[in-house]
Amino acid sequence: MTQRKRIVAGNWKMNGNLALVEAFSSAIQPAQFPQVEVVVFPPFPLIAQVAKTGIATGSQTVSEQDAGAFTGEVEAKLVAELGASYSLIGHSERRTLFNESDELLVSKFVKAQEAGLTPILCVGETESERESGQTETVISRQVKAVIEELGVATLKDSVIAYEPVWAIGTGKTASPEQAQQVHKFIRDLVAQFDTEIAATLPILYGGSVNEQNSDLLFAQPDIDGGLIGGASLKPDSFKQICESAVGNV
Ligand code: PGA
């Protein structure tokens, strides 16, 4: 039994609309999932709508800038004002499609925390990195970028999501053992800097999680919940995934 916070987060990516928010608010009441924080990450314009449903919400990224002449960007403080309490930072699609570097992500991480949002730092290796035995090197670099720049204490109010890039949207989930191995590696890495923070840091698994595989994944000792993409667009599937997190508290 762990005292770590359990989180099931749905990353809608560039999907969803007002009707989907409606469908979620009918299907999911946070009180149904005691001891589990259910969070939905919709596109920016829907954050306020999700917040009104009582489901916790967050943004998929934030700007590394404060308000100003940055057309198209969204400031972390505004995200918080709309009722969000989290922000994803460094999702692999941001890293690859939008060229977000570790250095830039540290700036975004800071802006999220300054605005009172809990950052969920996403890390993970590509298929070729895994095949060439680089998994731990890559993850270590991504996590240490934040620790070395901001200090380990910054992870006290944060979450890490391990998402192997080869498992995102592919239907190829990491096996519970593979995922557990990397989660333990992340926890041990953080423990080299601070054992208490490592022990309480929620580490989520993401990458083709669905209602069939969530139970076994969430049963692993170092997996504290999930970051769900595709299955988070289906209220019934997402609800079942939340239920499996309750079962594994
Ligand atoms: P997936 O996406 O569940 O569709 O694989 C996960 C994510 O990108 O966060």
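Values quoted throughout were computed directly from the atomic coordinates according to the rules given, and no laboratory measurement underlies them. Because the structure is a prediction, the values reported are computed rather than measured. Because the Cβ atoms are built from the backbone with ideal geometry, glycine has one as well, and the counts that use them run over all protein chains shown.
Here are the numbers for this structure:
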{"quantity": "Max mean-square fluctuation residue, GNM over the chain, Cα-Cα springs under 10 Å, options Gln180, Gln49, Gln65", "calculated": "Gln65"}
{"quantity": "Cα-based convex hull volume of region 162-249 per residue, rounded to whole Å³", "calculated": "82 Å³"}
{"quantity": "Principal axis box of region 36-101, alpha-carbon based, largest edge first, Å", "calculated": "33, 26, 15"}
{"quantity": "Residue order, fewest to most surrounding Cβ atoms within 10 angstrom, among Lys77, Lys108", "calculated": "Lys77, Lys108"}
{"quantity": "Normalised contact order of the chain, rounded percent, pairs of Cα under 8 Å and 6 or more residues apart", "calculated": "22 percent"}
{"quantity": "Set of aspartates and glutamates near Lys77 by C-alpha distance (under 20 Å), chain-local residues within fewer than 8 positions excluded", "calculated": "Glu64, Asp66, Glu114, Asp157"}
{"quantity": "Value in Å of the Kirkwood radius, where region 6-247 supplies the Cα pairs that are averaged", "calculated": "17.7 Å"}
{"quantity": "Nonlocal amide H pairs with Gly206, under 5 Å, H built at 1.01 Å", "calculated": "Tyr162, Glu163, Leu227"}
{"quantity": "Lysines whose Cα lies under 19 Å from that of Lys144, excluding same-chain neighbours fewer than 8 positions away", "calculated": "Lys108, Lys111, Lys156, Lys184"}
{"quantity": "Residues Trp166, Trp12 arranged by fewest to most Cβ contacts within 10 Å", "calculated": "Trp166, Trp12"}
{"quantity": "DSSP H segments from the chain that extend 20 Å or more along their own axis, Cα-based, with Kyte-Doolittle mean of -1.0 or above", "calculated": "135-150, 176-191"}
{"quantity": "All aspartates and glutamates inside 18 Å of Lys239 as judged from Cα atoms, apart from same-chain residues fewer than 8 positions distant", "calculated": "Glu22, Glu37, Glu211, Asp215, Asp224"}
{"quantity": "Descending semi-axes in whole angstrom, ellipsoid equivalent of region 143-204, from the Cα gyration tensor", "calculated": "24, 12, 9"}
